[in-house]
Amino acid sequence: MECVDVGFVVDVSGSVGSHYPEEQEFVKQFAESMGVSKNGAHASVVQFSNKAWLEIPFMDDSTTFITAVDALKLNGGSTRIDKGLDLSLIHI
């Protein structure tokens with residue numbers, strides 16, 4: 001695979017509720033299928049609820065990225081996908 005940067009914009013608002021582990025699993029499986037590596041894909045995560053923030057900057061190591069995704073927490077709050085998408089234009 002050519003080197004590609006893939007950014008995930010992840011909803012951590014209160015409306016996600018019990019489905020949050022499914023979101024995490026999707027991100028991990030997608031990253032593994034891309035082959036996150038120094039010479040392959042690079043992955044990043046922006047999270048959003050009532051605000052947005054860069055939670056995981058671009059990484060080029062699959063194991064480190066998966067560990068970082070496992071450590072992500074559900075934040076709660078309102079759902080402001082616009083904030084997540086706006087921030088992703090800057091960081092992803």
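The values are calculated or read from the model by the stated rules, or taken from the named source; none is laboratory data. Just so it is clear, the model here is predicted, and its values are computed rather than measured. Using ideal geometry, Cβ is built from the backbone for each residue, glycine included, and neighbour counts are taken over all protein chains shown. Ligands, DNA and RNA are excluded from the accessible area calculation, which covers all protein heavy atoms including side chains. Shrake-Rupley method; radii C 1.70, N 1.55, O 1.52, S 1.80 Å.
Restricting the search to helices (runs of 4 or more DSSP H) fully inside region 12-92 and requiring at least 3 residues that are of a type in the set (Gly, Ala, Ser) gives an empty result. Scanning region 24-40 for residues that are within 14 Å of Ile66 (Cβ to Cβ) and open to solvent by less than 50 Å² (accessible area, probe 1.4 Å) yields Gln24, Val27, Lys28, Ala31, Met34, Gly35, Val36, Ser37.
Confirm whether Lys51 is surrounded by fewer than 16 Cβ atoms within 10 Å (Cβ to Cβ) and among the charged types (D, E, K, R). Answer is yes for this residue.
Just give me the residues in region 66-92 being polar (S, T, N, Q), under 13 Å from Val12 (Cβ atoms) and open to solvent by 80 Å² or more (accessible area, probe 1.4 Å), in sequence order. Residue satisfying the conditions is Asn75 alone.
Here's the yes/no breakdown for (1) without any contact (Cβ under 8 Å) to a residue 24 or more places away in the chain; (2) farther than 17 Å from Val4 by Cβ:
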position: Ser18; (1), (2): yes, yes
position: Ser33; (1), (2): yes, no
position: Ser49; (1), (2): no, yes
position: Ile56; (1), (2): yes, no
position: Met59; (1), (2): yes, no
position: Ala68; (1), (2): yes, yes
position: Ala71; (1), (2): yes, yes
position: Gly77; (1), (2): no, yes
position: Arg80; (1), (2): no, yes
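Checking the stated criteria, Gly40 turns out to be under 26 Å from Ile90 (Cβ atoms) and at pLDDT below 90. Looking at Phe26, Phe58, Phe8, just one residue is under 11 Å from the mean Cα position of the chain (by Cα), more than 17 Å from Ile90 (Cα to Cα) and among the aromatic types (Phe, Trp, Tyr), and that residue is Phe26.
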